[in-house]
1. Taking only region 144-194 into account, find how many residues are away from ligand 1 (no atom under 15 Å from the Cβ) and on the phi > 0 side of the Ramachandran plot.
2. Is there any pair with a first residue in region 240-252 that is at positive phi and in contact (Cβ under 8 Å) with a residue 12 or more places away in the chain and a second that is within 16 Å of ligand 4 (Cβ to nearest atom) and of a type in the set (A, V, I, L, M) whose Cβ atoms are under 6 Å apart and which are 6 or more apart or on different chains, and what are they?
3. Residues of region 246-292 being surrounded by 15 or more Cβ atoms within 10 Å (Cβ to Cβ) and in contact with a Pro (Cβ under 8 Å, 6 or more places away or on another chain), which ones?
4. When the residues of region 147-166 are filtered to those that are within 14 Å of ligand 2 (Cβ to nearest atom) and not in a helix (DSSP H, G or I), which remaining residue is farthest from Thr197 (Cα to Cα)?
5. So, of the residues in region 31-80 that are of a type in the set (Asp, Glu) and surrounded by fewer than 19 Cβ atoms within 10 Å (Cβ to Cβ), which turns out to be farthest from ligand 3 (Cβ to nearest atom)?
6. Scan region 228-259 for residues that are of a type in the set (Val, Ile, Thr) and touching a Leu at 6+ places or on another chain (Cβ under 6 Å) and jot them down.
7. What's the total number of residues in region 171-180 that are surrounded by 19 or more Cβ atoms within 10 Å (Cβ to Cβ) and among the hydrophobic types (A, V, I, L, M, F, W, C)?
Amino acid sequence: AAKGGGRMGVQLFSADMEAPVLERLHLETDLRRALAEGELMLWYQPQWSMDGRRLVGAEALLRWNHPHRGLVPPGQFIPVAEASGLIREIGAWVLDQATRDAQAWNAANAAQGAAPLRVAVNVSASQLNRSDIVETVAAALAAHRLPPHLLELELTESGIVENPEHGLQVLLRLQALGVRLAIDDFGTGFSSLSYLTRLPVHSLKIDRSFVAGLPAAQSDLAVVQAICAMARKLGLQVVAEGVETQAQLQTLKHTGCDMVQGFLFAKPMPAHEFRQRCVAQPATAHPLLSGS
Ligand code: C2E
Ligand code: MG
Ligand code: MG
Ligand code: MG
């Protein structure tokens, strides 16, 4: 058809159709090199407990320090990594680096008599369903001797329900390793809540989009209240992500949310900065979390 049909030919080979494909090829080649050349980095965003008013740990967020493009956010290259299968190697690198960093922080904390910090790592659907994730997690923990309960894996709902039977088996094996499991972006999917809460998870991360509407948007407030009430009954912890204002923080406190994370406290920062600012510090309560 492309030979005879002019219009079809033009459409197939027009510049604007070709561009995204080329772009993706470049990205994929670049990404392969990035992994080999050490251009990937983990940034860390602190997570705070509402009750203890203390730093409990940090979420590892992947960044690509590209020689020409600058700092590339994960949303721009993780989809390419997933489509090309590179996510497997990248995911293994992330787990290795995050457990290494956490063990280093905790050596410093132990020397100061401070409590150990937890590290949270994102695991995407394709990692959960296509790769030897359990072995990869076990290898990272063993390599850096990080106690398993100090590693939390953030799984997405779509990752779990894509292949529910397999997903549950993987979750049970991860649970047996002793790592903590969280459901990320909670509330954004379409799976039944009763199904999700029957999974062997420890915490639910309320999606940023619900937090953003607090306290004014009644529907967002209702969702957040419902998640917190359900979690309390089920003995799960609730983490709110994307907390940007005092008003949001107060609302989350009143609804009984256990942990908070967001620009109000700190943006994600390079590992060395996290270590400098947050590790081996005297255990004082965060000023935003003190009082009522
Ligand atoms: P996520 O796990 O839901 O991470 C939260 C995102 O919200 C992060 O974006 C974080 O920088 C941003 N954020 C945190 N607090 C605030 C806030 O107060 N306001 C606003 N506006 N944003 C806030 P980031 O770092 O661009 O990551 C985007 C997504 O990429 C993550 O969403 C996660 O799904 C994925 N991702 C990041 N690192 C990894 C990784 O190592 N592996 C995998 N598979 N996915 C990753
Ligand atoms: Mg996350
Ligand atoms: Mg999230
Ligand atoms: Mg998200």
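1. Adding up the residues that qualify gives 2.
2. Cβ pairs passing all conditions: Gly242/Val211.
3. Answer for region 246-292, where residues must be surrounded by 15 or more Cβ atoms within 10 Å (Cβ to Cβ) and in contact with a Pro (Cβ under 8 Å, 6 or more places away or on another chain): Gln248, Thr251, Gln261, Phe265, Ala266, Phe274, Cys278.
4. Filtering first and then ranking leaves Leu151.
5. Out of the qualifying residues, it is Glu37.
6. Scanning region 228-259 gives Val238, Val243, Thr251.
7. Going residue by residue through region 171-180, those that are surrounded by 19 or more Cβ atoms within 10 Å (Cβ to Cβ) are 171, 174, 179-180.
Keeping just the survivors that are among the hydrophobic types (A, V, I, L, M, F, W, C) gives 171, 174, 179.
Total satisfying the criteria: 3.
For every residue, the table says whether it meets (1) surrounded by fewer than 16 Cβ atoms within 10 Å (Cβ to Cβ); (2) in contact with a strand residue (DSSP E or B) (Cβ under 7 Å, 6 or more places away or on another chain); (3) modelled with pLDDT under 95.
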residue: Phe186; (1), (2), (3): no, yes, yes
residue: Pro200; (1), (2), (3): yes, yes, yes
residue: Lys205; (1), (2), (3): no, yes, no
residue: Ala212; (1), (2), (3): yes, no, no
residue: Val223; (1), (2), (3): no, no, yes
residue: Glu241; (1), (2), (3): no, yes, no
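The values are calculated or read from the model by the stated rules, or taken from the named source; none is laboratory data. Quick caveat: nothing in here was measured; it's all calculated off a predicted structure. Every residue, glycine as well, gets a Cβ built from its backbone with ideal geometry; the counts of neighbours run over all protein chains shown.
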